[in-house]
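The values are calculated or read from the model by the stated rules, or taken from the named source; none is laboratory data. Predicted model, so just to flag it, every value in this text is computed and none were measured. All Cβ positions, even for glycine, are placed from backbone atoms using ideal geometry, and neighbour counts span all protein chains on display. Surface areas here come from the heavy atoms of the whole protein model, side chains and all, with no ligands, DNA or RNA. Shrake-Rupley method; radii C 1.70, N 1.55, O 1.52, S 1.80 Å.
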Amino acid sequence: MDTTNEVKVQEEYIEKLRKRNEGKNLKYNILTMGCQLNENDSEKLCGMIEKIGYSKTDSVKEADIALFNTCCVRENAEDKLFGKLGELKRLKEEKGLIIAIGGCMMQEKHITDKIKESYPFVDILFGTHTLYKFPEDLYRATEEKRKIEDIIDVDGEIYEGLPIKRDSKIKASVTIMNGCNNFCTYCIVPYVRGRERSRSPRSIIEEVKHLAKEGYKEITLLGQNVNSYLKVEKEKNIYFSEYEGVNSFATLLRAINKIDGIERIRFVSPHPKDFTDDVIEAISDCEKVCKLIHLPLQSGNTKVLKEMNRKYSKEQYLDLVDKMKAKIPNVTLSTDIIVGFPGETDEEFEDTLDVVRKVKFEQVYMFIYSRRVGTPGDKMENQVPEEIKHKRFDKLKELVESEIEEKNKKYVGTIQKVLVEGESKNNISMLTGRTDSNKVVIFEGDKNLIGKMVMLKIVSEHMWYLRGELNG
Ligand code: 5AD
Ligand code: SF4
């Protein structure tokens, strides 16, 4: 569907609000929870709100609007939101702070019900499919002085051309698809983000070309399932037009690889079941595509994987890793792992440890299974007691940390190509950047190196970063 008109309507609201806000020096504060897709959505929210005439503040006490972009993948985000809302009640009473909550959590009825009941002072609730309508929601909330609930439960469209305020001038995220059709049994995402739909090749390529012109060096392609880009469209005969030969994820990587000015391409997250040979070949062939592949494992046990509806076995995952290692020189891997999925036994958990030992990941994001209302996992009867989940988590963490330490040691003495991102946060006399494998390296250097690729000799390793020296 062509959404140009909807975007135009929002531009009109932006203009009306901008005029109303002129000279008022209004400020907004934003809290973003969750994944890189949410961060990218927040950049769009910031783009809209800054056009409306608000500038960003890190202190909610100074803000005229407090915005929350929520995540619901795990329970701890809920506790965080409710804690913050409790704190904001006073600011609402004292100075009429406008409070707007959006994102994934708002697609869950039990959460919006709780907000309406326990935090009735919240002004705007908006969901994942109505983010683009934020200017209109804000206009109505402030002009008509009423509570707005703008949440729909259908699959959203893709809205092109929204303003965007990016966090970095060097690295940019580009969403290539929305939604997920996989229904892993632990995961809430398909229920809150709807079915998979891909952006058109033309809009993605044009966005990346534009970013290259603006001086961006690194692009991260985002989606819940990036390597099934355009798969649903092909299966369901949904029309899309090819652009610069792009008709799949592999051809998208190849097309972006040709864009002058872009020096690095990353992507998250792919699904192992869709990791076809053409994608492996594209990664190997394209010199700008980083050789770090994030390949979510979730569990190393075939029975647990089946219960999770992941559609691959332990052996298939390991075979895929072997194939990548054979075909992609210098490949490195990172992963996501959940411990304590319902029914997981100690022996089954050992398989996860076994895969971690075999693959030797560069980075492991570890999660304790969190029950999500509405998912099949929540209804399973054999939930693992909290205490056992924590024990398994600690055991995995210990193994992962010892392996990372070992991996880090191997960097010492090597020369690494690093994209310099800025001053180090902890020590502003140092610069910070990342290797192809996404390791943070700090080093001494002139500030004019920011945004450039440099060759660094790694001189020492620390748990979460490496220390380097300019090489030559
Ligand atoms: N509990 C714990 N971790 C989860 N993830 C997704 N859903 C859950 C859940 N219910 C993890 C998965 C996914 C990552 C983004 O979050 O590992 O890859
Ligand atoms: Fe969730 Fe699985 Fe979809 Fe990832 S692939 S978003 S884990 S359902």
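Take Gly194 and decide whether it is crowded, with 20+ Cβ neighbours inside 10 Å and within 16 Å of ligand 1 (Cβ to nearest atom). Here the answer is no, as Gly194 does not meet what is asked. Within region 92-127, the only residue that satisfies the criterion of being open to solvent by less than 30 Å² (accessible area, probe 1.4 Å) and among the hydroxyl-bearing types (Ser, Thr, Tyr) is Thr112.
Only one of Ile428, Ile458 is farther than 27 Å from Ile328 by Cα and of a type in the set (Val, Ile, Thr); which? Don't jump to the end; show me each part of the working.
On the way: Ile458 fails: farther than 27 Å from Ile328 by Cα.
The conditions single out Ile428.
When Ser59 is tested against (1) surrounded by 14 or more Cβ atoms within 10 Å (Cβ to Cβ); (2) away from ligand 1 (no atom under 16 Å from the Cβ); (3) under 26 Å from the mean Cα position of the chain (by Cα), only condition (1) is not met. The single condition from (1) under 30 Å from Thr432 (Cβ atoms); (2) away from ligand 2 (no atom under 16 Å from the Cβ) that Glu242 fails is (1).
Name the residues in region 236-258 that are among the β-branched types (Val, Ile, Thr) and open to solvent by 10 Å² or more (accessible area, probe 1.4 Å), would you? If you could, list the steps in order and put the result at the bottom.
Step one: list which residues in region 236-258 are among the β-branched types (Val, Ile, Thr), which gives 238, 246, 251, 256.
Answer for region 236-258, where residues must be among the β-branched types (Val, Ile, Thr) and open to solvent by 10 Å² or more (accessible area, probe 1.4 Å): Ile238, Thr251.
I want to confirm something. Restricting to region 165-184 and keeping residues that are surrounded by fewer than 16 Cβ atoms within 10 Å (Cβ to Cβ) and more than 14 Å from the chain's Cα centre (by Cα), which single residue is farthest from ligand 1 (Cβ to nearest atom)?
Start the filter on region 165-184 by keeping residues that are surrounded by fewer than 16 Cβ atoms within 10 Å (Cβ to Cβ), which leaves 165, 167-169, 181, 183.
Right, trim to more than 14 Å from the chain's Cα centre (by Cα) and you get 165, 168-169, 181, 183.
Numbers: Lys165: 25, Ser168: 22, Lys169: 27, Asn181: 15, Phe183: 12 Å.
Taking the candidates together, the pick is Lys169.
The set of residues in region 328-339 being more than 16 Å from ligand 2 (Cβ to nearest atom) and either within 30 Å of Asn382 (Cα to Cα) or loosely packed, with under 14 Cβ neighbours inside 10 Å (or both) consists of Pro329, Asn330. Condition first: part of a loop (DSSP other than H, G, I, E, B), in contact with a Lys or Arg (Cβ under 7 Å, 6 or more places away or on another chain) and either open to solvent by less than 10 Å² (accessible area, probe 1.4 Å) or modelled with pLDDT under 95 (or both). Now tell me which residues in region 260-274 satisfy that. The one that is part of a loop (DSSP other than H, G, I, E, B), in contact with a Lys or Arg (Cβ under 7 Å, 6 or more places away or on another chain) and either open to solvent by less than 10 Å² (accessible area, probe 1.4 Å) or modelled with pLDDT under 95 (or both): Ile262. Tell me, please, whether a residue that is over 17 Å from Ile283 (Cβ atoms), within 16 Å of ligand 1 (Cβ to nearest atom) and of a type outside the set (Lys, Arg) can be found in region 314-327. Checked against the condition, which is being over 17 Å from Ile283 (Cβ atoms), within 16 Å of ligand 1 (Cβ to nearest atom) and of a type outside the set (Lys, Arg), region 314-327 yields at least one hit.
Per the conditions (1) outside the structural domain of Ile262 (by TED's automatic domain parsing); (2) of a type in the set (Gly, Ala, Ser); (3) within 16 Å of ligand 2 (Cβ to nearest atom), the sole criterion not satisfied by Gly194 is (1). Exactly one residue out of Glu347, Glu281, Glu287 is outside any helix (DSSP H, G or I), more than 16 Å from ligand 2 (Cβ to nearest atom) and surrounded by fewer than 17 Cβ atoms within 10 Å (Cβ to Cβ), and it is Glu287.
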